[in-house]
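A quick write-up on the structure given underneath.
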Amino acid sequence: MIICPHCLHQNPNNTPTCEVCQTTLPTASSCPNCGASMQLGAQFCGQCGFNLAVENNLVEAEKLLNSEHPDPPAPWQSEPDNPFLFPPSQPPDPLVVPDFIEEQASDYPPQTQYGQPDVRLPFGSPTPLVYAELAPQPSHSQTQLQQQTVQLIHMQTNTTLDLPLNLKLIHLGKPNKRVPPDIDVSSFPNAEVVSRVHADIRVEGGHYFIEDVGSSNGTYINNVPLLPGNRHRLRLGDRIALGKGNLVTFVFQLN
């Protein structure tokens, strides 16, 4: 089904214009991973979250590899007068590694790594070379790791809401006895358009997916309605509208 962006009427696939308002409908295609219907030119599948941009890049790369390109000329063929270039038959001479010269042990007693004589050996006896080791120095700089947090920015009031990091299922809505919300939007202006049990955000494999759970006024992602039962993989900068008219709108971002 193709949803009309103007009147939200559900039209059959391959329908050029809306059956109700005659608005030109976007061209639909199918996901190569799950076969779900989606708009042509989309970067991610709204059903399974499959990355369509990677699929398109692989097709373009395969076309590029299959195309014929002439081999570049050898450097000694393009610049025959350059004396610093060697043909394959005349490689440069290998590097000569000098022999290591050991220093003779002196008549002084051997030194430990802290500069003190080694009393276990008699004074004046021949001793091998002693290699001093540097004592580990304490580091004065400590690296502080900062954990990234996922946030929803309420556009109408510029309020920041941090998503709980310990939850895999986050409920969005207003206080109720059936499913208490993890993100309570009842204090925001125009909260009456938001249902008490409105939408859920699921965390799977480090990705965030949002789905409408049967709200009265619907959920919109970048002004496109999200049908109940379908889910959308959230990307940075996505606009989430709870209800019609963009009265309660959030932006998905990382801190």
**Study point:** Label point distance in nm, Asp162-Asn33, each placed 7 Å from Cα along Cα→Cβ
**Key:** 3.0 nm
**Study point:** Distant-in-sequence amide H partners of Asn11 (H built 1.01 Å from N, under 5 Å)
**Key:** Ile2, Ile3, Cys4
Exercise for review: Based on the mean of other Cβ atoms within 10 Å per residue, sort peptides 180-187, 225-232 so the most packed one is first.
Suggested key: 225-232, 180-187
Practice item. Note down the Stokes-Einstein diffusion coefficient of segment 177-244 in µm²/s, whole number, using a Kirkwood radius over alpha carbon pairs, 4 °C, and 1.567 mPa s. Key: 104 µm²/s
Exercise for review: Search the structure for amide H atoms under 5 Å from the amide H of Leu234, placed 1.01 Å from N in the peptide plane, and list their residues when 5 or more places away or on another chain.
Suggested key: Tyr208, Phe209, Ile210
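Every read-out reported here was derived from the displayed coordinates using simple, explicitly stated rules and does not represent laboratory data. The structure presented is a predicted model; accordingly, all values stated were derived computationally and were not measured. With ideal geometry, Cβ positions are generated from the backbone for all residues, glycine too; neighbour counts draw on all protein chains shown.
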